[in-house]
Every structure is written in structure tokens, then in C-alpha cells.
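In what follows, a structure is listed as C-alpha cells, so that the remarks can point back to it.
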Amino acid sequence: MLEASEGRNSSHSGFVFLGFPELQRHRRLLSLPAAASYLWVLVGNSLLVSVVRSVESLHSPMYVLVSGLCVVDVFVATAIVPNMLLSLLFDRDEISLAGCLAQMFFTHFLSSVESTLLLAMALDRYVAVCHPLRYGEIVDSSAFLKLALFTLVRSGSLMLTLVGLAGSLPFCGSGVIRHCYCDHMALVSLACGNTDRNEAAGLAVIVCFVGVDISLIVFSYVKILSVVLQAAAGEDRWKAFHTCGTHLMVMMSFYLVGSVTFLSHTLDIPIPTDVNTFMGLMYILFPATVNPIIYGVRTREIRNGFFKMFKIRANKIITVKVSTIKVSPAVKGQI
């Protein structure tokens, strides 16, 4: 049951999720692809992080950023998918206002961190390809410290502002969140007070992350392609174009879907609830599921590191087994 206080505007203190209203009869079936995707996110990203940690040749800035991206993908999926599975399987659809605000903060904060990591990866490749002689000078330990500080300040301040403004609203209308997790505008749309500041804050987030980050990412990859295509020929050109194009398509889908779901309520875009919920899930799960493939399976260095790591572990297991074999006294006598 939804709880309501008798204070000003009888503001709700609890809400109910209704993410797929047209598919309520099939909610148990919906849990299957969600659980499979989450399992792949856990296994794929954890395996990629293990490979980077175990293979010394992968201890370079680019692969450290890839590992960070994998860790963020696991955390952001964990922030929403387990609760969604409880809702789909056991009808546990309720969430308190405090819980909703906490989930909102971690979901949007981690997504913004992912955007910053994608930007850092693009800039890292730009420096490596376009300014190779200065790479060691520009990309060092101090650069990672500055990146961490920049990420915490930008993402933390904006998302705390976003959540603080949402938490100050009175919710006296419907207590049904038409989503499967606490998306910012899905919650704000239930408020009965003035939401102009919330909508302005949401637009500021879009401009700050999508407008700034995607512009710098596209600029970096265009410069990389121009340099590589001038130096390479034939098959190498196609390989460079295919690699950069794949990275850009994954990034564009992340930013495009995120922007549409974020702005659908602000701009009154008529998107069906089921479609909007699906897009909100894809915004979280799609990058987390394809990143281990794009940056892992399709990257030769990581692929070689994967085989090297398992070869070393297999050799260790064989060595341990051989060293623990005990020779019986009878056999010793015969020797």
C-alpha cells in the first residue's frame, strides 16, 4: 500500500512501479531476458577486468579506462536490475521516496561517470594517435587524478542538485511511477508543485553531458580517422574506419537513447509507457552488454591477454597437481 502523510499537500512517501502496463500478464517472461542480460553484464565485464588486472602488458592508461568502464557498467546495472527482477517475479513493486531518490542518484551518477569515461577514452586515443611523442607527458598519473576529481565534482554536484530538487517536491497526485526504476523525470512528472526548476536542471544535465561530451568525442574520432586514413592504406584503412565507426555507434546509441528518455517528459514527447521503459532499460543495459565485446573480444591485445591469462592459470594448476602426487613405498622400492 502507498503511504501518505497528512502534511502539506499530503505528499506521498511511497510509490509503485508500473513499467510495462501492456505486458503485465507476461511479466514473469520479461524477467528472463532481464536476468540473462544482467548475468552477461556481471560475467562479461568482470572477466574483462580480470584480464586487464592479470596481464601486465595491459597495464596502460587505455585499458585502465576500459576496466573502469566495466566496473561502472556492473554497478549501474546492479542499481536497477535486481529490484526490477523482484518486481517482475514476486510483485514487489513498491519503493519509498528515500529509496527512490537514492536509486535515482546512483543510476544517473554512474551513467554520468560512464559518459566521462567514454570521453576520456576518446581523448586518450586522440593524444596517442595525433600526438604520440607527447603521450607520456600528457597522459600520466596526475592526469588520472585530475580525471577522478573532475568526474566527482561534475557528476556529483549535478546529480545531487537533480535529486535534491526532486526530493523537495510535493507528490500529492498519482503514486504510480510509469517506469521500472526511479528515473528523474518519471518521478518529477508525479509532482503537484511547480517543476520548472527540475526541468531546467534536467536540460542542464543533457547539455553538460550530451552536448559537451559527445561533441568532444566526435571531434576526437574525426581527427583520429583523418590521421589514420592519411597514413594507412587498403585493409588498414578499412580496419581503422570499422573500429572507430563501431565505437561511435555504441556511444551514439548510449547518448541518443539516454537523451530521448530524459527529455520525453520535459518536452511532452508522446512515447508509450512500454516503449519508454524499454528505452530506459536499453540506456542502462545495452552499453553494459556490448562493451565487453567491443572493447574485449574485438580488441586484439585484450583477446591475447585473455588466452595468456588462462594459459598461465592452466599451467599453474597442472604444476600444483603434479607436485602433489605421492609415490607409494612399493613404487619407491622398484625405483
Open item on the list: I'm told Arg92 meets every condition in (1) farther than 15 Å from His184 by Cβ; (2) in a helix (DSSP H, G or I) except one. Can you identify the failing condition by its number?
Closed with: (2)
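If you take just the helices (runs of 4 or more DSSP H) that sit entirely in the stretch 95-203, which of them hold at least 1 residues that are free of Cβ contacts under 8 Å to residues at least 60 places away in the same chain?
97-130, 135-138, 141-167
Every residue, every condition in (1) over 23 Å from Val71 (Cα atoms); (2) surrounded by fewer than 17 Cβ atoms within 10 Å (Cβ to Cβ); (3) at pLDDT 85 or above, yes or no:
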residue: Thr246; (1), (2), (3): no, yes, no
residue: Met249; (1), (2), (3): no, yes, no
residue: Met252; (1), (2), (3): no, yes, no
residue: Thr261; (1), (2), (3): yes, no, no
residue: Thr266; (1), (2), (3): yes, no, no
residue: Thr273; (1), (2), (3): yes, yes, no
residue: Leu281; (1), (2), (3): no, no, yes
residue: Phe286; (1), (2), (3): no, yes, yes
Open item on the list: Of the conditions (1) of a type outside the set (A, V, I, L, M, F, W, C); (2) over 21 Å from Leu203 (Cα atoms); (3) surrounded by fewer than 18 Cβ atoms within 10 Å (Cβ to Cβ), Tyr126 satisfies every one except a single condition; which number is it?
Closed with: (3)
- [ ] Please work out which residue is modelled with the lowest pLDDT, limiting yourself to the stretch 162-177 and to residues that are β-branched (Val, Ile, Thr) and buried (at least 18 other Cβ atoms within 10 Å of the Cβ).
- [x] Ile177
Open item on the list: I need the full set of residues from the stretch 135-167 which are polar (S, T, N, Q), within 17 Å of Val64 (Cβ to Cβ) and touching a helix residue (DSSP H, G or I) at 6+ places or on another chain (Cβ under 9 Å), in order please.
Closed with: Thr151
Task: Hits in the stretch 279-309 - residues which are among the basic types (Lys, Arg) and part of a helix (DSSP H, G or I) - done: Arg300, Arg303, Lys308
TODO: Output the qualifying pairs, or none if there are none: Cβ atoms under 8 angstrom, residues six or more apart or on different chains, first residue in the stretch 258-280 and within 13 Å of Val210 (Cβ to Cβ), second residue modelled with pLDDT under 85 and not in a helix (DSSP H, G or I).
DONE: Val260/Ile269; Val260/Ile271; Leu263/Ile269
TODO: Please find, within the stretch 12-45, the residue that is farthest from Gln103 (Cα to Cα) out of those that are surrounded by fewer than 17 Cβ atoms within 10 Å (Cβ to Cβ) and of a type in the set (Gly, Ala, Ser).
DONE: Ala36
Open item on the list: Tell me whether the stretch 65-80 contains one or more residues that are under 22 Å from Arg300 (Cα atoms) and of a type in the set (Ser, Thr, Tyr).
Closed with: yes
- [ ] Looking for whichever is among the β-branched types (Val, Ile, Thr), assigned to a helix (DSSP H, G or I) and at pLDDT 80 or above here; the options are Val43, Val16. Which one fits?
- [x] Val43
Task: Single residue of the stretch 170-181 satisfying the filter (in contact with a helix residue (DSSP H, G or I) (Cβ under 7 Å, 6 or more places away or on another chain) and hydrophobic (A, V, I, L, M, F, W, C)) that is nearest to Leu69 (Cα to Cα) - done: Cys180
Task: Test set (1) farther than 30 Å from Leu18 by Cα; (2) surrounded by fewer than 21 Cβ atoms within 10 Å (Cβ to Cβ) - Ala120 fails condition number - done: (2)
Open item on the list: Here are the criteria: (1) at pLDDT 85 or above; (2) in contact with a Leu (Cβ under 9 Å, 6 or more places away or on another chain). Tell me which single one Ile224 does not satisfy.
Closed with: (2)
Task: Residue tally, condition free of Cβ contacts under 8 Å to residues at least 60 places away in the same chain and within 30 Å of Ser67 (Cβ to Cβ), over the stretch 17-37 - done: 5
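The values are calculated or read from the model by the stated rules, or taken from the named source; none is laboratory data. This is a predicted model, so every value here is computed, not measured. Note that we place each Cβ from the backbone using ideal geometry, even for glycine, and neighbour counts take in every protein chain shown.
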